[in-house]
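Here's the structure we're looking at; comments come further down.
Every number here is computed from the coordinates shown, using simple stated rules; none is lab data. Predicted model only: the values in this text are computed from it and were never measured. As a convention, Cβ positions derive from the backbone with ideal geometry for all residues, glycine included, and neighbour counts pool all protein chains shown.
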Amino acid sequence: MLADEISRLKEEQNAVILAHNYQPGEVQDVADLRGDSLELSRAAAGEKAEVIVFCGVDFMAETAAILSPEKRVIMPEAGAGCPMASMITARQLRRFKAEHPGAAVVCYVNSSAEVKAESDICCTSANGIEVVASLAEDQVLFVPDRNLGRYVARFTDKKIVTWDGYCYVHDRYTTEDVRRARALHPQAELLVHPECRPEVIDLADHVYSTSGIARHAKESPAQEFIVGTEIGMNYRLKQENPDKEFYPLSEEAVCVDMKKTSLEKVLSALQTLEPRVAVPEEIADRARGAIERMLAV
Ligand code: SF4
């Protein structure tokens, strides 16, 4: 069986397999750890393993490589990118900064290493509010996700100027999706990710990152949940809470890049230790500064 061979090779190569919450179920099942991008990168840095097999999209593997330069980070599917992260380049960010002198730059971890290197501090969907509150500047440039930026802006008096990027999976939800799901599941709590549009967030019971959704689903006395994030999340939620029910806010919330990884590709990556993800040292050093400033908050 593929899973057995993966397990054997993992031991042989002194590797650890990390899978994002949006990965296909079969990939989540062979992972040593699943979580959101930052949880996984931090775990990678703390691991004794020499090889990190990162099942996710490119910016996540890059973040792991930045935080663990001494380890070999491999990505089973090198072509898995994040369309939102690609919506801003380092050059565009430099121009954005020049247009707003004196503003602090906060970049969501869903961004390239080059964009992180141009930023003052990173944030995740779990800590954006705290990160912005920690800044001395009154004006903040928030890249690349306009929806997360607008959500964070609800909790601060600072002026937040957002880049016009978005996650096509979360930005696609509409108030009509909410109305339909609520009508079908009137007892369910609606949990949505802050990458959703403001009008969808306004209708939610709770707004959480994927790690927050996982935690809330365990702790809440509710038995049913409508989940407004990528559909792969429901696989983990159901495994961890077999007695509760989870309904997708929309069946169409599928991240194509997240689904490119397969067991065959994980096996091949373990056999060849390729494709390797490496970030040039000069960029990695600057990007690490932005990540470490976030971790200090
Ligand atoms: S779900 Fe959205 S933010 Fe996450 S990798 Fe896919 S496109 Fe990027």
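For the pair the stretch 133-183 / the stretch 77-116, the C-alpha centres are spaced 16 Å from each other. Checking every one of the GluC sites (Glu not before Pro) in the stretch 15-92 against DSSP loop status and a limit of 10 other Cβ atoms within 10 Å picks out Glu70.
For the pair Ala133 and Glu219, label points projected 7 Å from Cα toward Cβ lie 1.6 nm apart.
Taking label positions 7 Å along the Cα-Cβ direction at both Asp157 and Leu9, the computed distance is 5.7 nm, reported to one decimal. Beyond 20 Å in Cα-Cα separation lie the following of the pairs Lys71/Lys260; Lys238/Lys260; Lys97/Lys159; Lys10/Lys238; Lys218/Lys238; Lys97/Lys158: Lys71/Lys260; Lys238/Lys260; Lys10/Lys238.
Looking at the chain alone, DSSP beta bridges between its own residues are antiparallel in about 5 percent of cases. Per the Debye calculation on the chain with a single equal scatterer at every Cα and no solvent contribution, log₁₀ I(q)/I(0) for q = 0.14, 0.15, 0.17 Å⁻¹ amounts to -1.04, -1.17, -1.40.
Full extension of the chain between Glu50 and Ala278 gives 80.6 nm of extra length, using 0.36 nm per residue less the Cα-Cα distance.
Restricting attention to the stretch 198-246, which trypsin sites (Lys or Arg not before Pro) occupy a DSSP loop and are surrounded by at most 16 other Cβ atoms within 10 Å? Passing both the DSSP loop test and the Cβ count: Lys244.
Percent of Cα pairs in the stretch 173-252 per distance bin of 10 Å, from zero to the largest separation: 20, 60, 20, 0.
At an R0 of 30 angstrom, the distance between the Cβ atoms of Glu199 and Glu292 translates into a FRET efficiency of 0.25. Which of Ala103, Leu18, Ser211 sits closest to the plus end of the dipole of the chain, meaning its Cα is farthest towards the positive end, when Lys and Arg get +1 and Asp and Glu get -1 on the C-beta? Of the listed residues, the answer is Ala103.
Counting other Cβ atoms within 10 Å, which trypsin sites (Lys or Arg not before Pro) in the stretch 7-72 have at most 16 and lie in a DSSP loop? Hits after loop and neighbour filter: Lys48.
Here the dipole of the chain is about 500 debye; that uses its Cα centre as origin and unit charges on the Cβ of Lys and Arg (positive) and Asp and Glu (negative).
Entry note, the stretch 11-57: relative contact order of 52 percent, from Cα contacts under 8 Å with a spacing of 6+ residues.
How big is the antiparallel share of DSSP beta bridges in the stretch 173-252, given as a percent to the nearest 5? Of all bridge pairs located within the stretch 173-252, approximately 0 percent are antiparallel. In the chain, if the dipole is taken from +1 on Lys/Arg beta carbons and -1 on Asp/Glu beta carbons about the Cα centre, which of Gly81, Leu33, Phe246 is farthest to the positive end? Selected residue: Gly81. For the stretch 105-117, the Karplus equation 6.51 cos²θ - 1.76 cosθ + 1.60, evaluated at θ = phi - 60°, returns couplings of 10, 10, 10, 4, 4, 6, 7, 6, 4, 5, 5, 4, 5 Hz by residue, with Gly and Pro reported as x.
Taking the charge dipole of the chain about its Cα centre, with +1 at Lys and Arg Cβ atoms and -1 at Asp and Glu Cβ atoms, the residue from Cys122, Met60, Gln271 reaching farthest to the positive side is Cys122.
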